[in-house]
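This report concerns only the one structure given below.
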Amino acid sequence: MAVSIIITSLFESPVFNQQTDVIRILVTMDMLKLLVSPIVGGRGEVVSIVPEGVEPHGFTLTPGVIRVALNSDLIVITGHMEWEMDLVERVAREKGVSPDSMSINLLELVKSSGTILKINGEENIHGFWLLPDNAVLIAESLKNMLSKIKPDYSGEFSSNYVSFKSRVSSLKGFLKGLSEKYVSGNSKVVIGFYAEQYIVEALGLRVGAVLIGEEEVVKPDSLSRIYEGLRSGEYSCIVVSDTALLMGNVKNAIQQVSADTGCQVAYVSVVSSNGLENYDSMMYYNAGQVYSAILSSRKPLSTGFDIYRLTAFIALFIILIETIIIVRGMRK
């Protein structure tokens, strides 16, 4: 009988289940469980290293993390943080195997076969796992690796992958429909940190300005451009992620900008799963957050009955209902 999948945090359960027929998978961030768990299904146990509420870029490895990693069958890393690379190298050396045989580096995978967006003229290596096509590529790599670890279950992993791919296809169709209905021209938004770009692009929008860059501090010149763009209507809203809110004084800056300009803020997830178990469910949630902010930010007509605001309200209501229906349907 298949083993029920266990999706938990390393800090809630510091060791893997001792059952020998379970594939033990260690992921570095909570969000990656949403890509791994649908493929491994009931054959695996997935544990994340970085807990909710902790900024992953500043995480430090501990002896406890190393012990758990040594007891894993597969380690899945984003590949854009130094401590992840250190973890894989140390575990591979201790086990006497090559890193490629016991880990998947998602950045290397996506750079070779997927899409890495550019921002400010540079490759954006933050949040790339959120782009739907990249998510499918990652799922395919997981299917192949899991089939090598447990060949007897390769058929099951393949079936899970086909189902995942179908769900992502439905997601893409849904997002395209939203974009066609509510996005006009080259709609631009402000993002809190680079990772949000992948959500914005998936929704058919464009990044107009970034509040915080690699230095993880708010720069005065960036703040000035953001104020100007929001007040002129060039930017439709601010999209800020869970990880951005943990950096510097981003939270205070966002609240101040919103209060000063009247713009709406969309709070999205790029590293935390928020209790969800599927990637597409998370993206439906993120889409609802962003479009809610965009529609709420649009100004009413200056005279007469406010048809535009009424239309925006109805459209937002439809988006929320459609999202609920789709997410519930996926859980059946």
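Per-structure values
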read-out	value
Neighbour-count ranking [beta-carbon atoms within 10 angstrom, fewest first] of 219, 188	219, 188
Pairwise Cα inverse-distance average, inverted: Kirkwood Rh of the range 29-145 (Å)	14.9 Å
Amide H contacts under 5 Å for residue 239, placed H, 5+ residues apart	190, 191, 192, 266
Note, ³J(HN,Hα) from phi for the range 288-296, Karplus 6.51, -1.76, 1.60, rounded to Hz, x at Gly and Pro	x, 5, 5, 5, 4, 5, 4, 5, 6
Length-normalised contact order for the range 6-167 - Cα pairs under 8 Å, 6+ apart - percent	22 percent
Likely footprinting exposure, 62, 115, fewest C-beta neighbours within 10 Å first	62, 115
Descending principal axes extents, the range 136-224, alpha-carbon based, whole Å	59, 36, 11
Counting DSSP beta bridges with both ends in the range 6-167, the antiparallel % (nearest 5)	10 percent
Inter-probe distance in nm under a simple model that places probes 7 Å from Cα toward Cβ, at residue 166 and residue 181	2.4 nm
For the range 146-157, Karplus couplings with θ = phi - 60° (6.51, -1.76, 1.60), whole Hz, Gly/Pro x	5, 5, 6, 5, 10, x, 5, 9, 4, x, 5, 5
Karplus 3J(HN,Hα) series, Hz, for the range 235-249 with 6.51 cos²θ - 1.76 cosθ + 1.60 (x for Gly, Pro)	10, 8, 5, 10, 10, 10, 9, 4, 6, 5, 5, 8, 9, x, 10
Sequence-separation-based contact order of the range 107-240, relative, with Cα cut under 8 Å and 6+ spacing, percent	21 percent
Difference of contour (0.36 nm per residue) and Cα-Cα distance, residue 219 to residue 251	10.1 nm
Residue 60 paired with residue 97, simple spin-label distance in nm, labels 7 Å along Cα-to-beta-carbon	3.0 nm
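Read the figures in this text as sums done on the coordinates, not as results from a lab. From a predicted model like this one, the values you see are computed outputs, not experimental measurements. In this analysis, Cβ positions are derived from the backbone assuming ideal geometry, glycine residues included, and neighbour counts consider all displayed protein chains.
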